[in-house]
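Chemist: Here it is, the structure in full.
The values are calculated or read from the model by the stated rules, or taken from the named source; none is laboratory data. Here the structure is a predicted model, which is why all the values come from computation and not from measurement. Neighbour counts are summed over all protein chains in view; Cβ atoms, including those assigned to glycine, are modelled from backbone coordinates with ideal geometry. Remember, those area values only see protein heavy atoms, side chains included, never the ligands or the DNA or RNA. Shrake-Rupley method; radii C 1.70, N 1.55, O 1.52, S 1.80 Å.
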Amino acid sequence: MGVKLSIQQLALASRLVVVVIQFISNHLIPDHDAGIFTSPVAPGGERELDWFVEMFLGGFRRWDGQYYLHIAEYGYTYENTLAFFPLFPLCVRTVSHFLHYLLPFLSLRALLLLVAVVLNIFFFMKATQSLYELSVWVFGRKSRAKIVAFLFCLNPASIFFSAPYSESLYAWLTFTFMKQCVQEISVSITFPLSLSILSRSNGLLNIVFLAYIALRKVIRELSVKTFLGVVLKTAVISFFVVFHFGLLQAYHFYLFCHQLSITFPGHIVQYAQEMGLVMAGNKTEMSSPWCSQKIPLAYSYVQDHYWNVGFLRYYEWRQVPNFLLATPVFIVIISKFMHMFRFHRAYVLRLGLFDSVQGGMRRVDTESFVFVAHATALTIFCFLFIHVEVTTRMLASASPILYWTIAETFHYAQTTTPQEVSKKMTEKISKKIHNIDDESDTIDSVFLQHCWSEKTNKSGRVLVTWCAAYFLLGTILFVNNLPWT
């Protein structure tokens, strides 16, 4: 039977593989000088075992990971750091400051990196479990859900789920929110929904997801009790979510739209002067123009000013390689939407708000429509407005559709007909799969062999190969400061 792994053990194993690839690549390949933001290092702050952390995990301190670790160590000192939401760095900061007293042989800087990686391993394990449970509910079959969990562990943006980024935390919160949302709308949804919005900006789209589920429930049940209950719960949830998001915006406004007496370390001030960065508490007429807007939201200004994010701004010839990098995920998501529109056009045109009148429409299609619409909207937005290479990791952490679509390309042994193999063999294989499906939440090599058989679609093999290639190549390039998704 081979080694059996639970869903979370499989997730842990995949993260350890990323750590090993990161370690090897970081020491074999010279780092590229990308000329990007690097969090300034306090002089003379090294401790005895800092070298050990940097040797084994230093490859994770790259790209946007520098911003998250900087925020965790110093807070929002520079205006450009406002593009990164606070939940993940706050978690890293809290745990690191607690451990700092217990591990005096590590500097805070080294400890922050260690904690960030360990926390992301934990968050990834929880995200995998939440995605698995959500998939069981939608598909009604553990066998398909286990393939989804496996694909998530092999996902093409894997490096970002291990490095000091917010993808793992956001995926856990989002999949948990979605699972609770489709099962039953309750006030407890406020917790994962609010935290997802404080984790990443695209968490705001989750409010639309909740509103759709509430509207569909009201329309389908058409009862006063349902209407009052769902509307009241949705209103309460929305209020608390908007309130939490508003607190974050007010905090940003307080930091950068007022003159404050904030004492920063000398190396933080020096780096700001060298790079021409706007610092918190130093509001002038020339800095932070977003402060004078009718609705002073820092995020849109920072994305526009520091990252040149906007409608079709990324459509330049020199960005063609980045569009090619993002093309596979675009094809997967859009093809799923087109497939649903082709075979269930009436249902799609009714926005899935009414029960299907089409004969033979599967429950999984009716339940997954909102997920398909959500992923499609996010994909189109990515291709029109943001740095397009981010599309892969954004979709990988924000929607289960990428994994569901690939999982649907797999043929299972239970689809085998008596004409293809003996009836006895069919029954034996089907029973084996049935037992795995109904009695176990574990994954082993035998189960994967049944899924990855000669009956697997060619497209399924291609997509899994794409995931594996991005898994490996992305890790190697990222840890050496080379451009990736």
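Chemist: Once you have a ≥ b ≥ c as the square roots of the Cα gyration tensor eigenvalues for segment 56-107, tell me rounded if a/c is under 1.5, and otherwise prolate or oblate according to whether a/b is larger than b/c.
Modeler: Note, shape of segment 56-107 comes out oblate.
Chemist: Okay, next question. Any idea what the alpha-carbon Rg over 2.2 N^0.38 Å comes to for segment 163-238?
Modeler: Compactness ratio reported: 1.16.
Chemist: Over the chain, with every protein chain in place, what whole percent of the accessible area is carbon and sulfur at 1.4 Å, could you tell me?
Modeler: Accessible surface attributable to carbon and sulfur in the chain totals 67 percent.
Chemist: Using a 1.4 Å probe and counting only protein heavy atoms, arrange 458, 126 so the residue with the most accessible area comes first.
Modeler: Order by accessible area, largest first: 458, 126.
Chemist: Still on this structure, I have one more. Would you please put 209-222, 188-201 in order of how densely packed they are, using the mean number of other Cβ atoms within 10 angstrom per residue and starting with the highest?
Modeler: 188-201, 209-222
Chemist: Could you size up the charge dipole of segment 22-173 around its Cα centre, putting +1 on the beta carbon of Lys and Arg and -1 on that of Asp and Glu, and report it in debye to the nearest 20?
Modeler: 800 debye
Chemist: Right, something else. If Lys and Arg each add +1 and Asp and Glu each add -1, what is the summed charge of the other residues whose beta carbon sits under 15 Å from the beta carbon of residue 184?
Modeler: +3
Chemist: Further, regarding this structure: Could you tell me what % of all Cα pairs in segment 158-288 have separations over 22 Å?
Modeler: 54 percent
Chemist: Another question, if that's okay. Using label points projected 7 Å from each Cα along Cα→Cβ, tell me how many nm separate residue 52 and residue 318, to one decimal.
Modeler: Between residue 52 and residue 318, the simple spin-label model gives 4.4 nm.
Chemist: Next question, about the same structure. Kindly give the semi-axes, whole Å and largest first, of the ellipsoid equivalent to segment 26-167, taking each as the square root of 5 times a Cα gyration tensor eigenvalue.
Modeler: So the three semi-axes of segment 26-167 are 31, 17, 16 Å.
Chemist: Per residue, what volume in Å³ does the Cα convex hull of the chain take up?
Modeler: Hull volume normalised by residue count: 179 Å³.
Chemist: I've got another one for you. Rounded to whole Å and sorted largest first, what semi-axes of the equivalent ellipsoid does the C-alpha gyration tensor of segment 102-160 yield via the square root of 5 times each eigenvalue?
Modeler: So the three semi-axes of segment 102-160 are 33, 11, 6 Å.
Chemist: Please work out the Cα convex hull volume for segment 236-361 and give it in Å³ per residue.
Modeler: Spread over its residues, the Cα hull of segment 236-361 gives 227 Å³ apiece.
Chemist: Among the listed pairs 142/225; 179/225; 126/294; 146/458; 142/458, which are separated by more than 29 Å between their Cα atoms?
Modeler: Check vs 29 Å cut-off fails for 142/225; 126/294.
Chemist: May I ask for the angle, rounded to the nearest 10°, between helix 298-307 and the longest principal axis of the chain, with both axes built from Cα atoms and the value confined to 0 to 90°?
Modeler: 80 degrees
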